[in-house]
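To keep things clear, I will list the structure first and then write my remarks on it.
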Amino acid sequence: MAGLYSSSRPTSSSASSYQALTSRALLLLTLLPLSLACFAFILQWRGGLTDPVSRWSSDADGFPGMRSVGTGTQNSGSGCTDLLGRSRSLAFPYFKEWKFGFGSDLKPKICITTSTSAGLEQILPWIFYHKVIGVSNFFLFVEGKAASPNASKILEAIPGVKVIYRTGELEEKQAKSRIWNETWLASFFYKPCNYELFVKQSLNMEMAIVLAREAGMDWIIHLDTDELLHPAGAREYSLRQLLSDVPGNVDMVIFPNYESSVERDDIKEPFSEVSMFKKNFDHLPKDVYFGNYREATRGNPNYFLTYGNGKSAARIQDHLRPNGAHRWHNYMKTPNEIKLDEAAVLHYTYPKFSDLTSRRDRCGCKPTKEDVKRCFMLEFDRSAFIIASTATEEEMLRWYRERVVWTDKTLNLKLLRKGILTRIYAPMVIVQGLRESGVFSSVIESALLTTLSKENFLSSVESSNSSRATRFRERTSRKIGDFEQSQVTARRVLQTDDNSYADASAVPPLSPPSVDEFYF
């Protein structure tokens, strides 16, 4: 019995040890997931984790594709923001230095050239949006509002922006351009309105090529101030990243255009208020495009209200020339071009009701079907001009709602599901963030403080007008001289080399393909 008793004692001790071990294991298994959950919650609460929305918040280290310029302490708020960019704290705190690191050695160096008469309310968001995505230099050929003393002082104060005024001297120099002696642009000469603008844009682009070379640019793009580049498809939301990935043997990159589809008739700031766009034919399957063509057109002359053949970026190289406002060419070869599968130009087409009358006021044609053909290349522009010239305010608004504004939510949802329409928020977020951060007001204040005091700003307008032509001559005489010399050199080369590439006709704004063109 004693032996039996003594042999049973280790068995009882082992059972107790086993139970203790089991209890500890259960406790560990219970505490471990709870600890991990608490740790994850603390990290997310303190901003240690990111998601697709908080990535764009004010707590981010920098906008994709941009190096952080400001070095101040960031706001310690929650950084919550919605997809429209409305934040509970100051957005874009790293944009405290609004010069955006101008003069940095980041490659490739990209410039945009434009011919514009728009006001600052449109030009400033346009410039700084493109600065955010990697554009360093801008060549602005200005007239109208853009050339006013107030606007020009501010534009000239922005690093990387060169303002060229349409003076008599500029027109004199451009009248001697080789373009007038060639055939590729000849069909647009000596016609009013859109044709005149098209020729003017080409002449300005020719001069911009020379300015871009002198500034050490790698790429040049012609863009209107109602268009924004959308660098989708790049690893970052960066035009610089997009173009750096282009193979070295490519001379030109084509960005198909998307057209804005406004959902209200009271839009004031298109870049901040419009998020719905109609996709280009090049980015849609043919069966989807033609299968939904009638509904997408909504009784208008074409699938797009205006042009549908996109814009392009050209690599800076010898013998480069414009080929109209939409393309570039080369005097010595046919450029090797590619068309991007995802990136696009966002064209904000008639986004404001006032665009009807503003276009009317810039053209002196008669509002008849025959006469408008002399002035406008695209059918919708012709119809819009006639309506704006002959209808009452109430009739114009009704026409605008029927033809331009997308008020049918059922149709909108259907076309969004089909992929004809798409939502693009990035430009809206960027422009709203820049505005909330005070970038635009900082530019204006800086220009006023560094050039003129607020008190004598208005009194200086008259003298500023009289001296502008002199300043322009001093600023551009050397560049114009170089420009003329480069043209002489090009002529000399063309006299001895094959001239078959020089006469490739300029590409006008073209409508997207229609159902009739496809089937017949």
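The values are calculated or read from the model by the stated rules, or taken from the named source; none is laboratory data. Since the structure is predicted, the reported quantities are computational estimates derived from the model, not experimental observations. As a convention, Cβ positions derive from the backbone with ideal geometry for all residues, glycine included, and neighbour counts pool all protein chains shown. Just the protein is used for accessible areas: all its heavy atoms, side chains included, with ligands, DNA and RNA removed. Shrake-Rupley method; radii C 1.70, N 1.55, O 1.52, S 1.80 Å.
Laid out as a table, the results:
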item	result
Subset tally (residues that are over 14 Å from the mean Cα position of the chain (by Cα), crowded, with 20+ Cβ neighbours inside 10 Å and not in a loop (DSSP other than H, G, I, E, B)) for region 326-355	3
Some residue of region 230-248 being open to solvent by 30 Å² or more (accessible area, probe 1.4 Å) and touching a His at 6+ places or on another chain (Cβ under 9 Å)	no
Any pair with Cβ under 6 angstrom, 6 or more apart, that starts in region 414-430 at a residue that is under 17 Å from Leu239 (Cα atoms) and ends at one that is open to solvent by 10 Å² or more (accessible area, probe 1.4 Å) and of a type in the set (A, V, I, L, M)	Tyr425/Leu83
Candidates Glu236, Glu259, filtered to the one that is closer than 30 Å to Gly433 by Cα and assigned to a strand (DSSP E or B)	Glu259
Residue pairs meeting the criteria (Cβ under 8 Å; at least 6 apart or on separate chains; first on the phi > 0 side of the Ramachandran plot, in region 196-217; second buried (at least 17 other Cβ atoms within 10 Å of the Cβ))	Gly216/Lys109
Check on Glu263, under 18 Å from Asp224 (Cβ atoms) and of a type in the set (Asp, Glu)	no
Condition met for Ile387 (crowded, with 19+ Cβ neighbours inside 10 Å and either under 26 Å from the mean Cα position of the chain (by Cα) or under 20 Å from Thr349 (Cβ atoms) (or both))	no
Residues (open to solvent by 20 Å² or more (accessible area, probe 1.4 Å) and assigned to a helix (DSSP H, G or I)) located in region 157-173	Gly168, Glu169, Glu171, Glu172, Lys173
Selection status of Ser437, touching a helix residue (DSSP H, G or I) at 6+ places or on another chain (Cβ under 8 Å), under 29 Å from Ile127 (Cβ atoms) and open to solvent by 20 Å² or more (accessible area, probe 1.4 Å)	yes
Residue among Glu337, Glu295 that alone is of a type in the set (Asp, Glu) and over 29 Å from Ala234 (Cα atoms)	Glu295
Qualifying residue in region 372-384 (condition: in contact (Cβ under 8 Å) with a residue 40 or more places away in the chain, more than 30 Å from Val246 (Cβ to Cβ), open to solvent by 60 Å² or more (accessible area, probe 1.4 Å) and out of contact with any Ser or Thr (no Cβ under 7 Å at 6 or more places or on another chain))	yes
Criterion violated by Asn300 - all others in (1) closer than 23 Å to Arg240 by Cα; (2) open to solvent by less than 50 Å² (accessible area, probe 1.4 Å); (3) in a loop (DSSP other than H, G, I, E, B) satisfied	(1)
Every residue from region 390-413 that is part of a helix (DSSP H, G or I), touching a residue at least 40 places away in the same chain (Cβ under 8 Å) and either open to solvent by less than 80 Å² (accessible area, probe 1.4 Å) or of a type outside the set (D, E, K, R) (or both)	Met396, Leu397, Tyr400, Arg403, Leu411, Asn412
